[in-house]
Amino acid sequence: VSEQGRTAIVLVPEIALTPQTVDRFRAVFGDKVAVLHSALSDGERYDAWKALRSGEKRIAVGARSAVFAPLPDLGAVIVDEEHESSYKQGESPRYQARDVAIVRARAAGAVCVLGSATPSLESWQNVIDGKYAKLSLPERVGGGALPQVEIVDLRIATKQAAAADRNLRHILSEQLELAIRARIARSEQTILLLNRRGYSSFVQCSVCEWVAACPRCSISLTYHRVPERMVCHYCLHGESLHDKCPQCSAVTLRQRGLGTQQVERVLGERFPAARIARMDVDTTSGKWAHAEILDRVGRGEVDILLGTQMIAKGLDFANVTLVGVIDADVGINLPDFRASERTFQLVAQVAGRAGRGPKGGEVVVQTRVPEHHALAAAVTHDYESFAAEELASRQSPAYPPTVRLANIVISATREDAAADAAATAGEWLVRALAQFPPGVIEVIGPAPCAIDRIKDRWRWHLVLRAWKPAVLTRVARRFLTTFDAGSRAGLRITFDRDPVSLL
């Protein structure tokens with residue numbers, strides 16, 4: 001495309017991946033490359049936008065908003081890790097950057113390439129239906145072998161560790177600890193994944209079972225050790241750690257669950273000579289913090305890189321020979337139809353960070369459900385068997401890609417107002433759908449959202465499930481232009497087409 005004098009857009013799912021991607025593209029295309037993402041200042045974004053619009057720069061690299069880069073004569077749009085949920089804009093205007101990329105490429109007469117080792121089931125179904133051409137890369141670049149994966153059943157490992165009186169049994173199994181020690185001894189590097197930040201998931205009274213909860217959201221407060229606070233990850237409400245239970249005055253408060261800060265402390269105790277870097281939202285809030293941490297890893301100044309999902313994809317370090325998944329079960333039992341798919345993608349993607357150089361690699365996955373089909377397929381690098389089983393499970397009850405969904409979230413400052421408005425919307429939709437034959441579109445609900453209060457707003461939702469996208473579009477337009485719920489306690493209605501989550 002570049003040789004033809006045309007322009008291109010390259011999308012990456014995480015800002016953390018942008019520096020590495022930009023370095024590679026600039027190594028080939030020189031100063032034709034511009035960067036676009038939200039971590040830039042307004043001035044930097046404007047300069048990049050103007051350089052692209054004027055033709056001074058010919059390739060835009062960035063996160064989801066880069067899909068709107070003002071490039072003339074667009075010849076290619078590349079979507080790396082196309083399965084990532086971060087391509088969906090969660091606030092208005094809601095859009096799925098992958099889908100926008102396809103539409104924009106079609107309008108411009110350009111080619112759109114969706115890249116992933118674990119494609120979304122929607123894209124995979126489009127391959128099955130012949131809408132997309134499949135281009136396979138069955139071998140790694142350079143011909144390296146995929147890493148060997150070992151599953152550690154934490155139910156068994158915990159019992160064995162308890163018998164040996166090891167206090168850290170629920171964090172590092174013996175297999176993972178020995179593997180880390182071997183890498184440190186050989187001056188090789190390790191990546192450890194735990195997709196939960198903070199120190200512990202919640203604080204609980206050991207006497208009356210009271211749990212510290214957010215006063216504004218229906219969620220427990222996460223305990224952070226540095227700085228020491230209990231924080232809500234939805235509204236950012238913070239409190240100091242209590243000296244005693246506010247409900248029964250007991251002084252024994254236990255910290256439950258596991259977060260990256262606690263794993264970092266344990267690693268420091270077990271491997272005092274190791275150089276450890278933690279990469280999560282708390283350590284990467286500063287400008288260029290992602291790049292600074294990854295540059296240290298690339299220079300060999302880090303022995304163990306610990307992080308959340310942001311380290312699971314796109315990273316390519318030849319000296320990383322071990323990947324450990326601290327707890328593969330995080331998120332696997334969430335009440336969302338994509339929970340298994342996300343777990344498979346996360347484990348498979350982070351496993352791919354190991355053995356990318358000539359030294360080879362090993363992966364250790366700790367779990368309490370080793371028989372789960374998502375984990376069984378991930379450890380054997382078998383995407384097609386996972387996709388076949390997961391697609392079959394979404395036939396009945398029907399979920400995407402079998403059907404198309406819209407999630408209508410109705411929120412208000414009073415619970416009764418949200419419930420009443422949701423009931424009114426449900427009745428309106430039932431009447432509106434009566435014109436269509438059975439089996440074309442249906443409404444599910446209303447019901448409280450899984451997290452029914454966020455930022456002092458009570459949340460109810462309804463789900464539209466359609467077997468024909470055009471019908472869903474007709475109903476959506478009519479609902480958005482004609483439905484009136486009245487003025488109830490600061491009522492808000494959010495219409496989310498093709499939601500990535502129903503939580």
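The values are calculated or read from the model by the stated rules, or taken from the named source; none is laboratory data. Model, not experiment: these values are computed from the prediction. Cβ placement follows ideal geometry from the backbone for every residue including glycine, while neighbour counts extend to all protein chains displayed. Ligands, DNA and RNA are excluded from the accessible area calculation, which covers all protein heavy atoms including side chains. Shrake-Rupley method; radii C 1.70, N 1.55, O 1.52, S 1.80 Å.
Assorted remarks:
- Its Cα gyration tensor gives the stretch 180-309 an equivalent ellipsoid. The semi-axes, each the square root of 5 times an eigenvalue, are 32, 17, 10 Å from largest down.
- Where both bridge residues fall in the chain, DSSP classifies roughly 45% of the beta bridges as antiparallel.
- Size of the stretch 357-491 from its Cα atoms: along the principal axes, largest to smallest, the extents are 65, 39, 27 Å.
- Value of [θ]222 nm, deg cm²/dmol, for the chain, DSSP H segments ≥ 4, -39500 (n - 2.57) each, nearest 500: -9500 deg cm²/dmol
- Amide H contacts of Leu192 (H built 1.01 Å from N, in plane; Pro and chain starts excluded): Leu305, Leu306, Gly307, Gly324 sit under 5 Å, all sequence-distant by 5 or more or on other chains.
- Magnitude of the charge dipole, the chain, Cβ model with Lys/Arg +1 and Asp/Glu -1, debye to 20: 740
- With q set to 0.22 Å⁻¹, the log10 of I(q)/I(0) for the stretch 3-121, from the Debye formula over equal scatterers at the Cα positions, is -1.38.
- Residues whose amide H lies under 5 Å from that of Phe202, counting only those 5 or more places away or on a different chain, are Tyr223, Arg256; hydrogens are built 1.01 Å from N in the peptide plane.
- Accessible area per residue was computed with a 1.4 Å probe on protein heavy atoms; Arg155 scores about 110 Å².
- Taking all protein chains together, Lys88, Lys32 sort by accessible area into Lys32, Lys88, largest first [probe 1.4 Å].
- Taking the 1.4 Å solvent-accessible surface of the stretch 255-314 as the whole, the part contributed by carbon and sulfur is 45%.
- Note on the stretch 249-345: Cα Rg divided by 2.2 N^0.38 Å, N the number of residues, gives 1.27.
- Rg and Dmax of the stretch 271-403, based on Cα coordinates, read 16.8, 53 Å.
- Exposure rank, largest accessible area first [Asp327, Asp316; 1.4 Å]: Asp316, Asp327
- Binned Cα-Cα distance frequencies in the chain - 20 Å width, integer %: 20, 53, 26, 1
- Normalised alpha carbon radius of gyration of the stretch 228-287 [divisor 2.2 N^0.38 Å]: 1.45
- For Cys112, the solvent-accessible surface with a 1.4 Å probe is about 40 Å², rounded to the nearest 10.
- Near Thr284, no amide H atom lies under 5 Å from its own; only residues 5 or more places off or on other chains count, and H is placed 1.01 Å from N.
- Ordered from longest to shortest, the equivalent ellipsoid semi-axes for the stretch 6-61 are 16, 15, 9 Å, each the square root of 5 times a Cα gyration tensor eigenvalue.
- Sequence of Trp467, Trp124 from largest to smallest accessible area, 1.4 Å probe: Trp467, Trp124
- Among the protein heavy atoms, those of Lys134 account for about 110 Å² of accessible surface (1.4 Å probe, every chain in place).
- For peptides 40-51, 399-410, sequence by mean Cβ density within 10 Å, most packed first: 399-410, 40-51
- Local net charge near His290, Cβ-Cβ under 12 Å (Lys/Arg +1, Asp/Glu -1): -2
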